[in-house]
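What follows is a single structure, written as structure tokens, with notes after it.
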Amino acid sequence: MQESQATVQAARALQAARRVDNIEPFRVMEMVKAAAAMSRDGVDVISMSVGEPDFTAPQNVAQAAMDAIQNGATQYTESLGLPQLREAIAAHYQDAYGLSIDPRRIVVTAGASAGLLLACAALVSEGDQVLMPDPCYPCNRHFVSAFGGQPVLIESGAEERYQLTADHAAAHWTERTRGVLVASPSNPTGTSMTPRQAEDLLATVRARGGFAIVDEIYQGLSYDGKPVSALSFGDDVITVNSFSKYFSMTGWRLGWLVVPDSLVPTIEKLAQNLFICAPTIAQHAALACFRPDTIAIYEERRLEFQRRRDFLVPALRELGFQVPVMPDGAFYVYADISALQHPQALDSTAFGMAALKEAHVAIVPGDDFGFAAPKRHVRFSYATKFERIEQAVERLRRLLR
Ligand SMILES: Cc1ncc(COP(=O)(O)O)c(C=O)c1O
């Protein structure tokens, strides 16, 4: 009798913690589910919704993982990461950006996601405000909320490359503001801060004693000149990076942080408690990413992404989508649909559904990315084969005719 009461108790819905109230699910998943159902029914859907490269880890990276498994290199690593990987990442900063970074400031994480989580755990207290641009990567506001902070999204338009500016930060800073969280290049817009924008923003934050977390996960995928890391502007910046995008290793769950010296012990004890370490096999495999022959493959892929961008953006503009700033990185185009000749042009969710159901092209409505103008925008991902992108444009042309 007592046991059955216990069973009844267990069946009761458990009350989730209050902080979860502010965390929203990805609305895009509705679109993804609808697209998957259509594909199962035999419809040829072109997916331009996913945020991951269509490329996978190169063969020598896969081989390094298999070697690690075979050699039994599969146990925990230090919480801050394999020392030789931290050194390899530091060497990469030197080779790719001419930056000298002390490997002791590099923390290997389970993807950029764990890096963002650790940075927010270390810096955000209950009630703290963190400024970010609107639109931005949806998880950013949820990372802040998860630690009791309050994300403050500030409308950032095409004229500021959809990025949070120094003026924004100055105008919205209150006594509760603790810092800023930005991504450059950005998801969903593919636009980067100019070096000047970054330097000014960081100086404004520094002058107020705040922190700056700069997510550079897409920086390897930059198309218009050599990118400049926020690390060039001071050792007090926290940057987030990952093997997911440039290195085509989404499912391997590997990324890194570069943090100021003084923050390393805090991040280390959090990493020890929250994760123990990033996946060991992935860490061994990642060492092969920095070999010159592997970098040559990644650079070829970067040029292929650039080729797709150079085709897609003018093609979308010709169809009537407004893309006021040429995206210079990542694999996204954030397009304004309000001038389209289409009955759903004022509602990105309805337009996204029409694109899916009538043109069989899956794109992402703006809703997930912020509150300023989500109904007017959709996000295209060009992490899809060139020929498929050409087909998608033709299908959209017919939809809009
Ligand atoms: C801006 C941004 N930051 C972080 C992430 C998370 O990446 P990871 O796979 O490294 O956890 C993503 C994933 O799409 C992203 O777009």
Rounded to two decimals, the Debye log10 I(q)/I(0) of the stretch 65-163 (Cα scatterers, no solvent) at q = 0.10, 0.15, 0.25 Å⁻¹ is -0.44, -0.85, -1.15
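Would the chain count as rounded, prolate or oblate if I go by the C-alpha gyration tensor, calling it rounded below 1.5 in a/c and otherwise prolate when a/b exceeds b/c, oblate otherwise? List each step's numbers first, then the result.
Values: a/c = 1.26, a/b = 1.20, b/c = 1.05.
Rounded is the answer for the chain, as its axis ratio a/c remains below 1.5.
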With Rh as the Kirkwood radius over Cα pairs, the stretch 126-251 has Rg/Rh of 0.94
Rounded to the nearest Å, the spacing of the alpha-carbon centers of the stretch 46-76 and the stretch 240-304 is 12 Å
The stretch 190-216 and the stretch 378-401 have their Cα centres apart by a whole-number Å value of 34 Å
So, with points 7 Å from each Cα along the Cβ direction, the Glu30-Glu358 label distance in nm works out to 1.9 nm
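Among rounded, prolate and oblate, which fits the stretch 155-203 when a ≥ b ≥ c are the square roots of the eigenvalues of its C-alpha gyration tensor, a/c under 1.5 means rounded, and a/b larger than b/c means prolate? Provide the component values of the computation, followed by the final result.
Details: a/c = 1.86, a/b = 1.64, b/c = 1.13.
In terms of gyration-tensor shape, prolate.
Working with all protein chains in place, sort His92, His360 by solvent-accessible area computed with a 1.4 Å probe, largest first. Present the calculation step by step, with values, prior to reporting the outcome.
Values: His92 30, His360 60 Å².
So, going from the largest accessible area down, we get His360, His92.
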Sorted by chain and then number, the residues having a modelled amide H within less than 5 Å of the amide H of Asp328, at least 5 places away or on another chain, are Thr191, Ser192
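Quick check: net charge around Arg379, other residues with Cβ under 11 Å of its Cβ, Lys/Arg +1 and Asp/Glu -1? Please report the intermediate quantities before stating the final value.
Details: positive: none; negative: Asp367, Asp368.
Local charge sum for Arg379: -2.
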Cα extents of the stretch 224-325 along the principal axes, largest first, in whole Å, come to 53, 30, 25
With the 8 Å Cα cutoff and a minimum separation of six or more residues, the chain has a relative contact order in percent of 23 percent
Among the stretch 353-397, those whose backbone N falls under 11 Å of a label point 7 Å along Cα→Cβ from Val43 are 353-362
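How much length, in nm to one decimal, is gained on full extension between Gln70 and Phe386, taken as 0.36 nm per residue of separation minus their Cα-Cα distance?
On the way: separation 316, 0.36 × 316 = 113.76 nm, distance 3.70 nm.
Here the answer is 110.1 nm.
Quickly rank 34-43, 13-22 as a protection proxy: mean count of other C-beta atoms within 10 Å, highest first.
Values: 34-43: 12.7, 13-22: 9.2.
With the highest mean Cβ count within 10 Å placed first, the list reads 34-43, 13-22.
What ranking do 276-282, 246-252 get when scored by the average of other Cβ atoms within 10 Å per residue, highest first?
Working: 276-282: 19.6, 246-252: 21.7.
Put in order of decreasing packing, that is 246-252, 276-282.
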Expressed as a percent, the accessible surface of the chain that is carbon or sulfur, using a 1.4 Å probe and the full set of protein chains, is 52 percent
So, with points 7 Å from each Cα along the Cβ direction, the Arg307-Ala17 label distance in nm works out to 4.8 nm
Heavy-atom accessible area per residue of the chain, all protein chains kept, 1.4 Å probe, expressed in Å², is 44 Å²
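Would you compute, from DSSP H runs of 4+ residues alone, the mean residue ellipticity of the chain at 222 nm, taking -39500 (n - 2.57) per run and dividing by the full residue count, rounded to the nearest 500?
Details: 13 runs with 165 residues, N = 401.
That comes out to -13000 deg cm²/dmol.
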P(r) over all Cα-Cα pairs of the stretch 281-325, 5 Å bins from 0 to the longest distance, whole percent per bin, short to long, reads 5, 19, 15, 13, 12, 9, 9, 9, 6, 1
Amide H contacts under 5 Å for Ala183, restricted to residues at least 5 apart in sequence or on another chain and with H modeled in the peptide plane, are Asp215
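The values are calculated or read from the model by the stated rules, or taken from the named source; none is laboratory data. A quick note: this is a predicted structure, and the numbers were derived from the prediction, not measured. Cβ atoms come from the backbone with ideal geometry, glycine included; neighbour counts cover every protein chain shown. The accessibility values were calculated without ligands, DNA or RNA, using every heavy atom of the protein model including side chains. Shrake-Rupley method; radii C 1.70, N 1.55, O 1.52, S 1.80 Å.
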